[in-house]
Amino acid sequence: MEDNVLALAGGVGGAKLVLGLARILPPEALVIAVNTGDDECFHGLHVSPDLDTVMYTLAGLANPETGWGLSGDTFIALSMLERYNVSTWFRLGDRDLATHIRRTQMLRQGCTLSQVTAELCHCLGVAQMVVPMSDDSVRTVVGTEAGELPMQQYFVQHHSEPKVVSIRYEGAATAQPAPGLLEGLARASTLVFCPSNPFLSLGPILAIPGVRERLQRFQGFRVAVSPIVGGMALRGPAAKIMAELGYEASSIAVARQYVGLCDTFWIDHQDAHLAPAIAQLGMKPMVGPIVMTSEADKVALARRILGLEDE
Ligand code: GDP
Ligand code: CA
């Protein structure tokens, strides 16, 4: 029987593994449910950073250096906005802006974010089903010593510097999972927790009522890849935030977030000594290279976590 995969993803770490999965699975066998807790309105436009990172990656358009935006994009519109004294700390390239214009147009016409995402993906030649976690507004708000900050202000404007004391997902309590997430889950034989930030990327998805319970009941194969290697995040503030929230910055603390949701947990060779502690959480620890630099790394890790022969 063919493996149908539902992957839960944030932006950069998520998109890397998703690209590997996309290279080895038929497009109809892969659904990616993406965090929208980072969505924000800039210049009147609805920006969905994580959806776009996944979409641009699968379309072969992503900028590998930044982890956001389109490769080779220019910033002429933004420099014109600067002349109008508009604040432009959130960088949006000219071509990227077109995506946000089209998304906002369609949302104003009454389309759901799921419908918009399907249309954008279709136009960019992305054959996999990329779905937002919800069509309802969920916003990650970071409580810091300097007060509460919406996710993008914390992450981009303040460079993740203020000390984090809490995280909440505004709107999550009344949000519904997107139809595509539920459909993907119903069809899936495998559930993949991508190596995304457990609090800022997968946390919002798990906060949507009903999602956690459905993942607990899921009968298939459930596998996660740690976003932490050797006590450090490979990119972004995951380790810093975990430490500030009082968790140890290690794969174990990530695994603890997925107890009851996931059965197999991949850690890096460097962290092999953590395997017994992960086993104690009731998960099967798997040790291997989980740092993805080249496309070959992404494909190899995707094959390995699905239990496909690699050597
Ligand atoms: P964001 O929305 O762009 O922050 O994206 P994610 O939450 O999906 O990804 C951020 C996480 O990805 C960070 O915690 C990184 O440590 C992790 N990450 C980035 N590259 C890799 C990689 O090659 N391997 C693994 N295992 N994790 C990675
Ligand atoms: Ca993100």
For this session: Go through the residues of the stretch 212-231 one by one and say whether even a single one is crowded, with 18+ Cβ neighbours inside 10 Å, within 14 Å of ligand 2 (Cβ to nearest atom) and outside any helix (DSSP H, G or I).
Result: yes
Exercise. Restricting attention to the stretch 1-19, and to residues there that are within 24 Å of ALA233 (Cα to Cα) and in a loop (DSSP other than H, G, I, E, B), which single residue is modelled with the lowest pLDDT?
Worked result: GLY11
For this session: Within the stretch 183-207, count every residue that is within 17 Å of the chain's Cα centre (by Cα) and more than 16 Å from ligand 2 (Cβ to nearest atom).
Result: 4
For this session: Taking the residues in the stretch 146-177 that are over 15 Å from MET242 (Cα atoms) and among the charged types (D, E, K, R) as candidates, determine which candidate is farthest from the chain's Cα centre (by Cα).
Result: GLU148
Problem set entry | Of the criteria (1) surrounded by fewer than 15 Cβ atoms within 10 Å (Cβ to Cβ); (2) more than 20 Å from the chain's Cα centre (by Cα); (3) modelled with pLDDT under 95, which one ALA296 fails | (3)
Exercise. Somewhere in the stretch 74-85, is a residue under 30 Å from GLU183 (Cα atoms), out of contact with any strand residue (DSSP E or B) (no Cβ under 8 Å at 6 or more places or on another chain) and modelled with pLDDT of 95 or more?
Worked result: no
Exercise. Looking at (1) assigned to a helix (DSSP H, G or I); (2) in contact with a strand residue (DSSP E or B) (Cβ under 6 Å, 6 or more places away or on another chain); (3) over 22 Å from LEU21 (Cα atoms), which is the only condition GLY180 fails?
Worked result: (3)
For this session: Assess whether GLN128 counts as being within 16 Å of ligand 2 (Cβ to nearest atom) and crowded, with 17+ Cβ neighbours inside 10 Å.
Result: no
Problem set entry | Total residues in the stretch 37-47, condition within 16 Å of ligand 1 (Cβ to nearest atom) and assigned to a loop (DSSP other than H, G, I, E, B) | 3
Exercise. Within the stretch 131-150, can one find any residue that is of a type in the set (Gly, Ala, Ser), in contact with a Phe, Trp or Tyr (Cβ under 8 Å, 6 or more places away or on another chain) and farther than 20 Å from ALA224 by Cβ?
Worked result: no
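For (1) without any contact (Cβ under 8 Å) to a residue 60 or more places away in the chain; (2) surrounded by 24 or more Cβ atoms within 10 Å (Cβ to Cβ), each residue gets a yes or a no:
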{"site": "ALA9", "(1), (2)": "no, yes"}
{"site": "LEU30", "(1), (2)": "no, yes"}
{"site": "MET55", "(1), (2)": "no, no"}
{"site": "THR66", "(1), (2)": "yes, no"}
{"site": "GLY72", "(1), (2)": "yes, no"}
{"site": "MET80", "(1), (2)": "yes, no"}
{"site": "SER87", "(1), (2)": "yes, no"}
{"site": "HIS100", "(1), (2)": "yes, no"}
Exercise. So which residues in the stretch 250-282 are in a helix (DSSP H, G or I) and small (Gly, Ala, Ser)?
Worked result: SER251, ALA253, ALA255, ALA272, ALA275, ALA277, ALA279
Problem set entry | Answer residue from the stretch 232-249, given it is away from ligand 2 (no atom under 16 Å from the Cβ) and part of a loop (DSSP other than H, G, I, E, B) and is surrounded by the most Cβ atoms within 10 Å (Cβ to Cβ) among those | ALA249
Exercise. Of all the residues that make up the stretch 20-36, how many are under 26 Å from GLY236 (Cα atoms) and either within 16 Å of ligand 2 (Cβ to nearest atom) or part of a loop (DSSP other than H, G, I, E, B) (or both)?
Worked result: 5
For this session: Inspect the stretch 278-285 for any residue being within 25 Å of GLN216 (Cα to Cα), touching a Lys or Arg at 6+ places or on another chain (Cβ under 7 Å) and not hydroxyl-bearing (Ser, Thr, Tyr) and give the result as yes or no.
Result: yes
Exercise. Of all the residues that make up the stretch 154-179, how many are surrounded by 17 or more Cβ atoms within 10 Å (Cβ to Cβ), more than 17 Å from PRO209 (Cα to Cα) and out of contact with any helix residue (DSSP H, G or I) (no Cβ under 8 Å at 6 or more places or on another chain)?
Worked result: 2
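The values are calculated or read from the model by the stated rules, or taken from the named source; none is laboratory data. Please read these numbers as outputs of a predicted model, since none were measured by experiment. Glycine also receives a Cβ, built like all others from the backbone with ideal geometry; neighbour counts cover every protein chain displayed.
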